[in-house]
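Colleague: This is the structure, below, for whatever I ask next.
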Amino acid sequence: MDCIFCRIISGDLPAKKIFEDERVLAFEDLNPKAPTHLLLIPREHIAGLAEAEAQHDALLGYLQRIAAQLAQERGLTGGYRTVLNVGPDAGQSVFHLHVHLLGGRAMSWPPG
Ligand code: 5GP
Ligand code: ZN
């Protein structure tokens, strides 16, 4: 399968890994949009939130909780944002489900 995030998981493509366990991997975004910009991905290939099924419920919650843990480790006491871009209107560009963890600067609302 030609999926860049599966290639990062397999070690075929390099990435600055921040956290990994049997279910998830977190690494630095190649093109950071904030002082902290991590991506958290499941080891299982799921194309995106729209393709997630009931069997993934625990995994989706786990990704969010690990994001909170990494935000705490990064000292993001002022706050942070977790984001799932879904589909063309949201600008999803990689079709392996990923949670963005953005922090280290003030962010506007609503997002652009
Ligand atoms: P999306 O737009 O799909 O929500 O987010 C995809 C993210 O993946 C982007 O923020 C982009 O910078 C990041 N990205 C794309 N290719 C790579 C890569 O090869 N390595 C890393 N570390 N990040 C990538
Ligand atoms: Zn994949």
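The values are calculated or read from the model by the stated rules, or taken from the named source; none is laboratory data. Values in this document were obtained by computation on a predicted structure and should not be read as measured data. Glycine gets a Cβ as well: all are built from the backbone with ideal geometry, and neighbour counts include every protein chain shown.
Colleague: Could you tell me which of the residues THR36, THR77 is among the β-branched types (Val, Ile, Thr), more than 14 Å from ligand 1 (Cβ to nearest atom) and over 21 Å from MET1 (Cα atoms)?
Modeller: That would be THR77, the only listed residue that is among the β-branched types (Val, Ile, Thr), more than 14 Å from ligand 1 (Cβ to nearest atom) and over 21 Å from MET1 (Cα atoms).
Colleague: Right, here's the next one. Mind checking which pairs have a first residue in segment 71-84 that is at pLDDT 95 or above and a second that is away from ligand 2 (no atom under 16 Å from the Cβ) and part of a loop (DSSP other than H, G, I, E, B), Cβ under 6 Å, 6 or more apart or different chains?
Modeller: Pairs that qualify, where the first residue is at pLDDT 95 or above and the partner is away from ligand 2 (no atom under 16 Å from the Cβ) and part of a loop (DSSP other than H, G, I, E, B), are ARG81/MET107.
Colleague: Further, regarding this structure: Taking the condition of being part of a loop (DSSP other than H, G, I, E, B) and of a type in the set (S, T, N, Q), how many residues in segment 1-45 meet it?
Modeller: The number of residues fulfilling the criteria is 1.
Colleague: Cβ contacts < 9 Å: first residue among the β-branched types (Val, Ile, Thr), restricted to segment 96-111; second residue modelled with pLDDT of 95 or more and part of a loop (DSSP other than H, G, I, E, B), any location; separation 6+ or different chain. Result?
Modeller: Pairs that qualify, where the first residue is among the β-branched types (Val, Ile, Thr) and the partner is modelled with pLDDT of 95 or more and part of a loop (DSSP other than H, G, I, E, B), are VAL99/LEU84.
Colleague: Do we find that PHE19 is over 23 Å from PRO111 (Cβ atoms) and among the hydrophobic types (A, V, I, L, M, F, W, C) in this structure?
Modeller: Details: over 23 Å from PRO111 (Cβ atoms): yes; among the hydrophobic types (A, V, I, L, M, F, W, C): yes.
Taking the combined requirement at face value, the residue satisfies it.
Colleague: Okay, moving on. Scan ALA68, ALA52, ALA26, ALA47 and give me the residue that is without any contact (Cβ under 8 Å) to a residue 24 or more places away in the chain and either at positive phi or not acidic (Asp, Glu) (or both).
Modeller: Residue meeting the stated conditions: ALA68.
Colleague: Another question, if that's okay. Could you check segment 80-109 and list, in sequence order, the residues that are of a type in the set (Gly, Ala, Ser) and either surrounded by 11 or more Cβ atoms within 10 Å (Cβ to Cβ) or within 16 Å of ligand 1 (Cβ to nearest atom) (or both)?
Modeller: Scanning segment 80-109 gives GLY87, ALA90, GLY91, SER93, GLY103, GLY104.
Colleague: If a residue must be hydrophobic (A, V, I, L, M, F, W, C) and not in a helix (DSSP H, G or I), how many such residues does segment 59-92 contain?
Modeller: Looking only at that region, the number is 4.
Colleague: Report yes if some residue within segment 75-94 is among the hydrophobic types (A, V, I, L, M, F, W, C), under 15 Å from THR36 (Cβ atoms) and either within 16 Å of ligand 2 (Cβ to nearest atom) or within 15 Å of the chain's Cα centre (by Cα) (or both); otherwise report no. Don't jump to the end; show me each part of the working.
Modeller: If we filter segment 75-94 for residues that are among the hydrophobic types (A, V, I, L, M, F, W, C), which is where we start, we get 76, 83-84, 86, 90, 94.
Imposing the further condition that a residue be under 15 Å from THR36 (Cβ atoms) reduces the set to 76, 83.
Filter once more, so that each one left must be either within 16 Å of ligand 2 (Cβ to nearest atom) or within 15 Å of the chain's Cα centre (by Cα) (or both): 83.
Scanning segment 75-94, I find at least one residue that is among the hydrophobic types (A, V, I, L, M, F, W, C), under 15 Å from THR36 (Cβ atoms) and either within 16 Å of ligand 2 (Cβ to nearest atom) or within 15 Å of the chain's Cα centre (by Cα) (or both), so the answer is yes.
Colleague: Identify, please: which residue in segment 5-19 is near ligand 1 (Cβ under 10 Å from one of its atoms) and closer than 16 Å to VAL99 by Cβ and is, among those, surrounded by the most Cβ atoms within 10 Å (Cβ to Cβ)?
Modeller: This residue is PHE5.
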